[in-house]
Amino acid sequence: MIPKYQQIKKDLLEEIRNHVFVPGDKFYSEADIKKRYSVSSITAVKALNELTAMGYLYRIQGKGTFVSKAKISQTVRFSDIENHSIDTEETRVLSVTQENHSEILKKLKLAKTDSYYKIVRVRSSEGVPFILTMTHLPKKLMKEPISQNLDDYISIYDRVRNDFGVDLFTQASVETNEIVFPDDSFITNELRLSFREPAVLQEKCTYLTDNSVAEYIVSYKHWKAFKTKIEVEAE
């Protein structure tokens, strides 16, 4: 037999999913649930707390409990769409340097006395550059001494997998995208951007299983090469 609060939670969740309440509606109070199910305050509060923790409800002190505006029962997928053929794509490594800028050290969760490697690459299609990428790796994921052949770093993921047995493709990551207007001449020259022409700034952190940062990437993508698909699953 399932606990009473679990049954109450199940009933209330069904009402939310069946749109008895719309996002932003005021939800049942503790007193409402106590009266409806003939239960104690502890049981009523526990059911409400679980629905709140799951994201279906939120509370405003002094006003009550409300139905969340987020579609948390739906899965939303974002994916980039490449609008060029991969057969025409090429990558050029511009530089591999050892640095220790405080802002990047913080992103990599490294000490102020540490350093990291920065690999700068530009990807082109049919000779037209479309993304400039600056990858920052902790020293533990860069085999030393550094190769003098920059082409050895065309695929950083292959390099890390071969040198350390770590597959960064399978690790957890967080990425943000933002429209910007670069004024750095290095960025505009490499992407052949005109004055006040936009680009998409993409920042990504990849995490290893011990929650340490495996890489911090800053990319600038030409606006003509940016296209995103959004898929929303039915409830």
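The values are calculated or read from the model by the stated rules, or taken from the named source; none is laboratory data. From a predicted model like this one, the values you see are computed outputs, not experimental measurements. All Cβ positions, glycine included, derive from the backbone under ideal geometry; neighbour counts span all protein chains shown.
Yes or no, residue by residue, for (1) touching a residue at least 24 places away in the same chain (Cβ under 8 Å); (2) surrounded by 15 or more Cβ atoms within 10 Å (Cβ to Cβ); (3) more than 15 Å from Glu215 (Cα to Cα):
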{"site": "Ile104", "(1), (2), (3)": "yes, yes, no"}
{"site": "Asp114", "(1), (2), (3)": "yes, no, no"}
{"site": "Pro138", "(1), (2), (3)": "yes, yes, no"}
{"site": "Leu141", "(1), (2), (3)": "yes, yes, no"}
{"site": "Ile156", "(1), (2), (3)": "yes, yes, no"}
{"site": "Asp163", "(1), (2), (3)": "no, no, yes"}
{"site": "Leu168", "(1), (2), (3)": "yes, yes, no"}
{"site": "Asn177", "(1), (2), (3)": "yes, yes, yes"}
{"site": "Arg192", "(1), (2), (3)": "yes, no, yes"}
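Residues of region 35-52 include at least one that is surrounded by 12 or more Cβ atoms within 10 Å (Cβ to Cβ), under 19 Å from Lys69 (Cβ atoms) and touching a Leu at 6+ places or on another chain (Cβ under 6 Å).
Of the residues examined, Ser147 is one that is assigned to a loop (DSSP other than H, G, I, E, B) and among the hydroxyl-bearing types (Ser, Thr, Tyr). Here is the figure for region 63-107: residues that are assigned to a strand (DSSP E or B), of a type in the set (Val, Ile, Thr), at pLDDT 70 or above and over 27 Å from Leu137 (Cβ atoms) total 2.
Which of the residues that make up region 208-221 are assigned to a strand (DSSP E or B) and either modelled with pLDDT under 95 or charged (D, E, K, R) (or both)? Once the filter is applied, which keeps residues that are assigned to a strand (DSSP E or B) and either modelled with pLDDT under 95 or charged (D, E, K, R) (or both), region 208-221 yields Glu215, Lys221. Would you mind stating whether Ser173 is among the small types (Gly, Ala, Ser), assigned to a loop (DSSP other than H, G, I, E, B) and modelled with pLDDT under 95? Against the criterion (among the small types (Gly, Ala, Ser), assigned to a loop (DSSP other than H, G, I, E, B) and modelled with pLDDT under 95), Ser173 does not qualify.
Please work out which residue is surrounded by the fewest Cβ atoms within 10 Å (Cβ to Cβ), limiting yourself to region 1-34 and to residues that are part of a loop (DSSP other than H, G, I, E, B) and in contact with a Lys or Arg (Cβ under 7 Å, 6 or more places away or on another chain).
Top of the filtered list is Gly24.
Does Phe186 satisfy the criteria of being under 24 Å from Lys229 (Cα atoms) and exposed (fewer than 14 other Cβ atoms within 10 Å of the Cβ)? So Phe186 does not fit the description; no.
Yes or no, residue by residue, for (1) outside any loop (DSSP other than H, G, I, E, B); (2) within 14 Å of Tyr216 (Cα to Cα); (3) of a type in the set (Val, Ile, Thr); (4) outside the structural domain of Phe226 (by TED's automatic domain parsing):
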{"site": "Lys118", "(1), (2), (3), (4)": "yes, yes, no, no"}
{"site": "Ser124", "(1), (2), (3), (4)": "yes, no, no, no"}
{"site": "Leu137", "(1), (2), (3), (4)": "yes, yes, no, no"}
{"site": "Pro182", "(1), (2), (3), (4)": "no, no, no, no"}
{"site": "Leu201", "(1), (2), (3), (4)": "yes, yes, no, no"}
